[in-house]
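Visitor: Mind looking over this structure? Questions follow.
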């Protein structure tokens, strides 16, 4: 298989991808998001009681929000499940090479769309805007449940990386 030159300066976005696996990943990602939202919907009563524990203690609330912002930032910046969202702000081209289709992503040449695409390349910049969004939506019960799940996911992700480093 011939390599295509990486025309994408974004470090977290893959520049070349085979379309057959791309479509399969998209279907899987959509199904995973639906399952995730259904779990939140059916578990919201249990989550609300857990949220009340966090809500009553300012330090636990701060920890919850920190991990939720961390996980949401990572989700938007580097997880493949949100590649479709990052693709909105990139120039996406499909090329045929030796009976295979390849997707090449690159930055737009100028404009607001380019700046938004660059924002997704900076975890610190993205986390500032996500923090603002989390703080503005914190009082909505659905978002509190979502942030609790994201916080637990963020904690487990850090534990996973810690165990991987130890091995």
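The values are calculated or read from the model by the stated rules, or taken from the named source; none is laboratory data. It should be emphasised that the depicted structure is a prediction, and the values quoted were computed from it without experimental measurement. A quick note on method: Cβ atoms are made from the backbone with ideal geometry, for glycine too, and the neighbour counts reach across all protein chains shown.
Visitor: Surrounded by 14 or more Cβ atoms within 10 Å (Cβ to Cβ) and under 29 Å from residue 158 (Cα atoms) - does that describe any residue in the stretch 110-117?
Guide: Within the stretch 110-117, the subset surrounded by 14 or more Cβ atoms within 10 Å (Cβ to Cβ) is 113-114, 116-117.
So of that shortlist, the ones also under 29 Å from residue 158 (Cα atoms) come out as 116-117.
Checking the stretch 110-117: at least one residue is surrounded by 14 or more Cβ atoms within 10 Å (Cβ to Cβ) and under 29 Å from residue 158 (Cα atoms).
Visitor: If I filter the stretch 134-145 down to residues being free of Cβ contacts under 8 Å to residues at least 60 places away in the same chain and surrounded by 13 or more Cβ atoms within 10 Å (Cβ to Cβ), which single residue comes out as farthest from residue 37 (Cα to Cα)? Explain how you work it out, then say what you get.
Guide: Here is the first cut: in the stretch 134-145, the residues free of Cβ contacts under 8 Å to residues at least 60 places away in the same chain are 136-137, 139-140, 143.
Those left that are additionally surrounded by 13 or more Cβ atoms within 10 Å (Cβ to Cβ): 137, 143.
Working: 137: 17, 143: 11 Å.
The selected residue is 137.
Visitor: While we're looking at this one, here's another question. Quick check on the stretch 88-100. Is at least one of its residues free of Cβ contacts under 8 Å to residues at least 12 places away in the same chain, more than 17 Å from residue 154 (Cα to Cα), within 18 Å of the chain's Cα centre (by Cα) and loosely packed, with under 12 Cβ neighbours inside 10 Å?
Guide: Applying the first criterion (free of Cβ contacts under 8 Å to residues at least 12 places away in the same chain) to the stretch 88-100 yields 88, 96, 99.
Going one step further and asking which of them are more than 17 Å from residue 154 (Cα to Cα), we end up with 88, 96, 99.
So of that shortlist, the ones also within 18 Å of the chain's Cα centre (by Cα) come out as 88.
Checking the rest, the ones that are also loosely packed, with under 12 Cβ neighbours inside 10 Å come to 88.
Yes, the stretch 88-100 has at least one match.
Visitor: Of all the residues that make up the stretch 38-84, how many are in a helix (DSSP H, G or I), surrounded by 12 or more Cβ atoms within 10 Å (Cβ to Cβ) and modelled with pLDDT of 75 or more?
Guide: Number of matching residues: 23.
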